[in-house]
Every structure is written in structure tokens, then in C-alpha cells.
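Below is one structure; the comments refer to it alone.
What follows is calculated from the coordinates using simple rules that are stated; it is not laboratory data. Everything quoted here is computed from the prediction, not taken from an experiment. Virtual Cβ from ideal backbone geometry, glycine too; neighbours counted across all protein chains shown.
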């Protein structure tokens, strides 16, 4: 099996090596660096609009968020946040007192994608292109899973005399088997920067590949995310229902395989709802979700094991869908982070106080979906949690919204080299 | 969930009939109806005596009275025997504890066996194997070491299987010795004497698949040893995961093992079974398919929906058996995948469902950036 190239037309076998692809990408470097950033923003804004209109992309999971994220206003803010307040640094030297400062591309950015989120490649690809890097993207699965359709719509996008098809000359999306060490090595050695998304084993394997001395590595994952519902939230007049509905949205999207999806949700004990009642509310919202497209045997068995483990244990309880391994609510009082089962499996743990959760937090925990309903407590928790290593504390419902910073990193700022001129 | 004692005694008689009777004569629909009516009573009775299983049924299944088919019985994941002591009898009634082999540092399964279960398991195994190899006792060569069949009230999976097959032995020879390291080494002198004395007669061999392959067949090939045992039958089970890792197919295993033994490849019989359901074995037929005996059944379930698959479809293997009464082993969903090959229509003439084991369920390659153990698990 050799290298498959994913384009707007789909996937096809192209070669035994990556060399021709890498050469073609490197030839695009100077052309890409000449495109003003405002033209790139215009093109991506047009792309954003087309994504929601186009039959090929409008039903992709997470497309509404991707479209909003690609809008000029959002990317402009992202650039300002990442580039010292002025995106024009990407177009050349700007005066900085008596001297000059510019943000130059690294060159070729190699990206290893996780297979869990169809739109994920775009969240690395777009910042890398805005930083005027040529991009070699390796998908996790041979099935493009919508990436070909995204590329097709991008190819047809146009603004300010810049055509999406021309921009895509600077991008190659490929797949090859993860066991092909030779191809992984070639990709790593071609890179001026590496962006790696994935689980523990993938990250370990890819970061151990040889790379050039100047090559920068940006790693996302593996991470674990949690939720926290405070006593005041449960006892407030708003009640719990809307908060639980929002958490269930976070659970449903990307089938809980994103590092930002909540796995364990802590509930502060309160005078209004028992843990069992909270579990029933979760169950009701999970039952209202549309069915899943499918599920592998491994995750199915993980779900069945978790259900049985919680059912057999006298100190625990479980509510499970009757229609196979669809959704599961596991409940207990064991203050710990439960092993992530994914695919609509939520672990609810009752605690006396949110303070019991703090010792569990570390850099391994990426996002906390936070519903404390008390500004002071929210701030106190966020201070303690982020001090412990957590990257994001956000309200339920937006846990999976990709934003900058992500995992504690301003991604785009790491995809440029800051250069100086002191005449 | 109180069980009626009269019902329990009634199903005892039915279970005895199934063990005694022909093993592969019942059409699937008849068998399903008979088994589910027994399982309704049996599972309710075990649930009454094993509180964790009672909770399991109550939380994750329909009422036993609502079970219409064997597939309606909520299957307990086989891994639960590694995590919980699931006995339906008090400790004084346990005559033997079976243990699974524990790999990669996991806890082994612990299965509490009472007198009734032990008796049924032994007789059931004999009843099934009789239909494949005949009832006559014959010289028995165990491709393992005597130490693996430790005496006492605790028995490993290997030991339990050897003891079960030993019912067909006129006398037993162990082909291997156990080294101080715990590794096994063939005693070629003993093996040669066995074949010299009995090679031309019907002989029975038994071993665990990976041990047979790695310690016996490969070693014999390396030494250029070939025996002549044209009337030998080799029963083997377990360990396909390790063989698949070495890219050894079932066909290759059978061909090369038969060549070393000097017997017909059709007499190399693989059977599917597990310590959590000892006595219940699914033996290869002449067509290479595994059949469920009269007192047991196989349900191959689709991932996600858990609905039974159609013929020709692959899914997760669940095994059901009416033998255990001292633990909740009546319906167990395994970590294996298999294909449902046919129902009542196997070319070998045996009725009921037949299947083929395909592989162990492996961790999927890409579970995404959220695929991580929780920190608490890592550091504890």
C-alpha cells in the first residue's frame, strides 16, 4: 500500500513515496508568501459562506461551527490575538520603534490528524495557511470522511482575485498506513513544523520520529475533559435542565472522541435533586438525540463493560438505553476521573463541594464545562483549576468549540517565525 | 426476584435431558425455545442467590418473563469475572475455583464451582466430545506439563480443560516438562515412546493452541521430527490472538501440525470455549464450523445495536449455556468476534447455529485526541 492523495475529486493512490508531493509543496512557498493576508481572509470568508450552502458540506458534523470560525471577523480577531495585535506582520516588516519586525512562515508544516473529528484538519490547516506555510496533512483513516468535500468547496471559493484552487496548490492531504515508518519519517524530516493531534500512542510514535533541528513540534492531545455542576446551579430557578441539555450537546458532538468532550461530570450535592434524578435528566436528553451513525466493536464492549461494572456494584448505579450501546449514564460517589469510554457514556459523580475536584486536575485535563451559577465561585474554581493545569473553563454547550488559545497554545503564533531588522 | 423451587427442580430435569441427549439434532428454533424457558428460571434463581447479578438484571434487562429468545437474556461481559467475585453459592458449597490465564498483568477470572455445576460441566463436555471423537477411551497425550493440572481446589483454565478431556483417556502422558522459569519444554523422549507404543492406534492429543504451535510443532519442525499417528485426533483450544500476531492462519496451523503428527488434517479439531463457561465447548465440524451443543447456544451480535447478526455477518460472540448454577455464567458476551456461518444447514448435517471465530476485539487504532486514561488511573 502506498500514498493516497485526497483532493476535491476524492482519494486516489499516487506514489510509493512522499518526495514528489513535498517537492511540489516547496515550490509553492514563495508564491504563497506573496499573497496579502487580507486576500486570504476574504477567500476564507467566502469559503465559510459556501460551506453552509453547499450540498456537499452543509450536513457535515460540526460544519456550522467551522463556518462561523472561518468568518473574516473571527479570523481577524484570531490573527490579532496571535500576532501582537497586527496581522500585517504576516505581509512583511513593520516598524517597531527604530527597528522592524515581521512574522515569517516556518516553511512546510506537516500535520498528523486524529480520526475523531471530520472538520479537525481545517483548524490546523487554516492557521498554517494564514501564516503562509505550505501544508502536508496526513489523515488518520483512508476514508476522507468529508475532507475531500471540504477541499472541493474551498477549491471553488473565490475573493479578491484569489481562487481557492490556487491556494490549494500549497496544500497536500494524504493518507498512508500508520505502520509505515518510512513514510512517517519522510514526512517528519520534510517538516519545518509538525502539528500532531491524537491519542497517547500516536503522539508518542510521531514525536519520536527523526526531525530537522529547527523543526518545531506542536502537540494536541491526548487530553481528558470534565464537567462541574454547582449546588447553586441545581437550586437556581433556571434549574438544571438547560445546563444538562448543553452538556449533552457537548457529549453528542464528535461522539465524545474529542479531547474537549466531557467524560466525568461532577455534581455538587444539593437540596433539590438527588444524583439519581440528575441521572434521569441526563438520560432523558441523551434519549432525545438522533441515533449514532455506527460504532466499532471495541467501543461497544467498553460500553457494555462500564454498564455491567456500574450495575454489579452496590455503591453505583447505571441507566442505559434499551436500543443497544446508544447512551449510558453511570453514577457514583467515587471522587475520581473515570476512564473515558466515549460514545455517549457519561459518568456522573456526586461531590460535596467543587473543592474536592481540584486535586484531580492536572495538565492532562483540558476543558472544564463549568456551571456553578456564582461568579465568585466560578472565578475561584477557574483560578485553582488553571493553576493545576487545566486549559479552558467554559460554560456547558461550547466545550468542543475550537478557539484560540487551545490547549494553552496560541497556535498561529507558533506557526510563524518572528524576525527582526535593525538597520 | 424470588424463584420458585418447583420451577428450578423442573429445569434441572430439562438440563439433564439436554446433556444426555444428542447434541446437534435440534433445529435452532426448537432449541432456542427450550433454552430460553430454562434460562428464565435459571437466571432468576442465580439472581436471587447472587446479589450483584440480581442488580445487573434489574438495571440492564427486561424481566425474565419477557425473554422470548436466548438473545433477550442480558449478556454479562465476560471481563466482569476479573473484577467481581460472582458466586451464587456460599463459600462452603464451592468445590473448586477455576481461574483464567491472566495476561498483561490483569486479574484472572475467578469462577466458583459447586458440586452440581462441576458434575454437569464434566458430563456435558464428555457428551459433546463423544459426538466428535467417539466414546472409547484411548491413550492420551497432553501437549502440556503435569504441573499445569495442579491438584487442589483451585484450577487454571488449562488444567480444567485437560481434566475434562482426560475422561476419554485410557492412560495419560504429559508431553512437556515445566522449567524453573515456568516455561514449557517438550520431553521428546517421552513423546517418541508414546508414539512408538500407540502411534498406530487411535490416540487422543490435547493442548492449548499457542502451546501446541510454539512449543511442540515449531520445535519438532526445527529438529526435523515427524511422527506417524494416522489415527490420532488432536483437540486444541485458545490462544489464537498470539498466533494471529505471528501471522499463522488456522489453515497453516492445521496443515503443519498434521504433518508433524502424521495424521489427517481433518482430525485437528479446534474448539471454542472459556473457563467462565467450562464444559460448554463449540467444536469444529468437518466443514470447519463451530457448533453449539444442545445445552448451549451462540448469539453473534452486531456492534452498537447488539441485535443478532444475519447469516454471513460478523459480530461480537456471546455464548449461552444452561450448565452453570453456582455463578452467573448463563449468558456471556465475550471479547471475541465471529461470523455466523449458518443456521440448521451446515454441510456436516449438524443442526442449530454454527459460526467461525475471526479475531479478538482489539483497541481501535484511532480513538481521537480524547483517547486517554484519566489522570487518577495513571497515578494510582
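How many times 2.2 N^0.38 Å is the alpha carbon radius of gyration of the stretch A:154-248?
Normalised Cα radius of gyration, the stretch A:154-248: 1.75.
Work out, in µm²/s and without decimals, the Stokes-Einstein translational diffusion coefficient of chain A at 20 °C, 1.002 mPa s, Rh from Kirkwood over C-alpha pairs.
Rounded, D is 94 µm²/s.
Rg (Å, one decimal) plus Dmax (Å, integer) for the alpha carbons of the stretch A:271-341?
12.7, 41
Using only Cα atoms, locate the centre of the stretch B:1-51 and the centre of the stretch A:117-194, then give the distance between them in Å, rounded to an integer.
59
Size of the stretch A:181-230 along its principal axes in angstrom, Cα-based, largest extent first?
Cα spread of the stretch A:181-230 along its principal axes, largest to smallest: 49, 21, 11 Å.
Could you work out how far apart the two model spin labels at residue B:25 and residue B:137 are, taking each label as a point 7 Å from the Cα in the direction of the beta carbon, and quote it in nm?
Going by the 7 Å Cα→Cβ label model, 2.7 nm.
When you look at the Cβ of every residue in B:82-91, what mean number of other chain Cβ atoms sits within 10 Å?
1
Given q = 0.20 Å⁻¹, what are the Debye log10 I(q)/I(0) values for the stretch A:224-394, with equal point scatterers placed on the Cα positions and solvent ignored?
-1.40
Using only Cα atoms, find the angle between the long axis of helix A:37-53 and the longest principal axis of chain A, and express it within 0 to 90 degrees, rounded to the nearest 10.
Between helix and principal axis, roughly 50 degrees.
Per residue of A:290-302, count partner chain C-beta atoms within 10 Å of its C-beta, then hand back the mean as an integer.
Mean number of neighbouring Cβ atoms from other chains: 6.
Name the residues of the stretch A:260-297 whose amide N is less than 16 Å from a point 7 angstrom out from the Cα of residue A:65 along the C-beta direction?
Correct set: A:260-263.
Can you work out the PRE-style zone for residue B:37? Point 7 Å along Cα to Cβ, and I want the residues of the stretch B:305-330 with backbone N under 19 Å.
B:321-323
Largest first and to the nearest Å, give the Cα extent of the stretch A:1-100 along each principal axis.
Extents along the principal axes, in whole Å: 56, 35, 18.
Taking only DSSP H segments of four or more residues, each worth -39500 (n - 2.57), what value at 222 nm results for chain B once the sum is divided by all its residues, to the nearest 500 deg cm²/dmol?
Taking each H run of at least 4 residues, the total per residue is -9500 deg cm²/dmol.
Starting from 0 in steps of 20 Å, tell me what percent of the Cα-Cα pairs of chain B lands in each bin.
28, 58, 14, 0
Using a 10 Å cut-off around each Cβ, can you sort B:275, B:126, A:329 from fewest to most neighbouring Cβ atoms?
B:126, B:275, A:329
Which residues does a label at residue A:81 reach in the stretch A:31-70, if reach means a backbone N under 15 Å from a point 7 Å past the Cα toward the Cβ?
Label zone hits: A:66, A:68-70.
How far is helix B:250-261 tilted off the main Cα axis of chain B, in degrees rounded to 10, range 0 to 90?
Helix B:250-261 sits roughly 40 degrees off the main axis of chain B.
Quick check: the angle from helix A:297-312's long axis to the longest principal axis of chain A, C-alpha only, nearest 10 degrees?
Helix A:297-312 and the main axis of chain A meet at about 20 degrees.
Before rounding to the nearest 500, sum -39500 (n - 2.57) across all DSSP H runs of length at least 4 in chain A and divide by the residue total; then give [θ] at 222 nm in deg cm²/dmol.
-11000 deg cm²/dmol
Kindly provide the Kirkwood hydrodynamic radius of the stretch B:120-272 in Å, to one decimal, from all pairs of distinct alpha carbon atoms.
With all distinct Cα pairs of the stretch B:120-272 included, I get 15.6 Å.
For peptide A:319-327, what's the mean number of Cβ atoms from other chains within 10 Å of each residue's Cβ?
Shielding by partners across A:319-327 averages 3.
Work out the P(r) tail for the stretch A:144-186: percent of alpha carbon pairs separated by more than 16 Å, whole number.
Distances greater than 16 Å cover 50 percent of the Cα pairs.
What are the extents of the Cα atoms of the protein assembly as shown along their three principal axes, in Å, largest first?
100, 69, 50
Relative contact order of chain A, please, whole-number percent, based on alpha carbon pairs below 8 angstrom and at least 6 residues apart.
18
What spacing in nm lies between the two simple spin-label points modelled at residue B:345 and residue A:158, each 7 Å away from Cα in the Cβ direction?
The two pseudo-label positions are separated by 5.8 nm.
Kindly put A:2, B:156 in sequence by how many other C-beta atoms sit within 10 Å of each C-beta, fewest to most.
Ascending Cβ contact count within 10 Å gives the list A:2, B:156.
Fewest to most neighbouring Cβ within 10 Å: what's the order for A:89, A:224, B:327, A:100?
Listing A:89, A:224, B:327, A:100 from fewest to most nearby Cβ atoms yields A:100, A:89, B:327, A:224.
Take the Cα radius of gyration of the stretch B:131-196 and divide it by 2.2 N^0.38 Å, with N its residue count; two decimals is plenty.
1.18
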